[in-house]
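One structure is given here, and the rest of the page talks about it.
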Amino acid sequence: QVQLVESGGGLVQPGGSLRLSCAASRIIFSIYNMGWYRQAPGNQRELVARIISNGRINYADSVKGRFTISRDNAKNTVYLQMNSLKPEDTAVYYCNAANGIGDYWGQGTQVTVSS
């Protein structure tokens, strides 16, 4: 059974930083497109950042210049470095692995930005 396990969420003050990690198991990680999504209460789940298998990256406009996605294929892990956090970044953040073979989600990790 494929597993995606997120970690690194928590409570941080506005302007602070967090680094999320997502460790994948039981998939050939290098051939999957990896993404971070988030969902705030009352909102739809939205794409935050995605890094595809060839390394190409795209970001939501709301996080450009503040968030950085990266992957380590040797560790089967994708990261999301979040800087200059704002209260509107508060949400549950989900890791996603997808390609033509499968589409998998982690359980989510809560990020709360508040003073």
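The values are calculated or read from the model by the stated rules, or taken from the named source; none is laboratory data. All of these numbers come straight from a predicted model, not from anything done at the bench. Every residue, glycine among them, receives a Cβ derived from its backbone with ideal geometry; neighbour counts consider all protein chains shown. Quick note on the areas: whole protein, heavy atoms, side chains included, nothing else; ligands and nucleic acids left out. Shrake-Rupley method; radii C 1.70, N 1.55, O 1.52, S 1.80 Å.
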Checked segment 51-67 for anything touching a strand residue (DSSP E or B) at 6+ places or on another chain (Cβ under 8 Å), open to solvent by 30 Å² or more (accessible area, probe 1.4 Å) and in contact (Cβ under 8 Å) with a residue 24 or more places away in the chain; matches are 53
Count - residues of segment 71-111 that are polar (S, T, N, Q), in a strand (DSSP E or B) and either touching a Leu at 6+ places or on another chain (Cβ under 9 Å) or closer than 21 Å to residue 61 by Cα (or both): 4
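From the residues in segment 5-35 that are of a type in the set (Val, Ile, Thr) and under 15 Å from residue 71 (Cα atoms), which one is most open to solvent (accessible area, probe 1.4 Å)?
Only one residue tops the list, namely 28.
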Segment 22-70: number of residues that are part of a loop (DSSP other than H, G, I, E, B) and β-branched (Val, Ile, Thr): 3
Every residue from segment 92-102 that is among the aliphatic types (A, V, I, L, M) and surrounded by 22 or more Cβ atoms within 10 Å (Cβ to Cβ): 97
In the set 19, 56, 66, which member is of a type outside the set (A, V, I, L, M, F, W, C) and under 17 Å from residue 4 (Cα atoms)? 19
Filtering segment 1-21 down to residues that are at pLDDT below 95 and part of a loop (DSSP other than H, G, I, E, B) yields 1, 2
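What residue, among those in segment 103-115 that are polar (S, T, N, Q) and under 16 Å from residue 79 (Cα atoms), is least open to solvent (accessible area, probe 1.4 Å)?
Our first condition is that a residue be polar (S, T, N, Q); within segment 103-115, this holds for 107, 109-110, 112, 114-115.
Checking the rest, the ones that are also under 16 Å from residue 79 (Cα atoms) come to 107, 109-110.
On the way: 107: 110, 109: 19, 110: 88 Å².
The qualifying residue least open to solvent (accessible area, probe 1.4 Å) is 109.
When you look at residue 41, is it in contact with a helix residue (DSSP H, G or I) (Cβ under 8 Å, 6 or more places away or on another chain) and closer than 27 Å to residue 114 by Cα, yes or no?
Numbers: in contact with a helix residue (DSSP H, G or I) (Cβ under 8 Å, 6 or more places away or on another chain): no; closer than 27 Å to residue 114 by Cα: yes.
Considered against the rule, which asks whether it is in contact with a helix residue (DSSP H, G or I) (Cβ under 8 Å, 6 or more places away or on another chain) and closer than 27 Å to residue 114 by Cα, residue 41 comes out as no.
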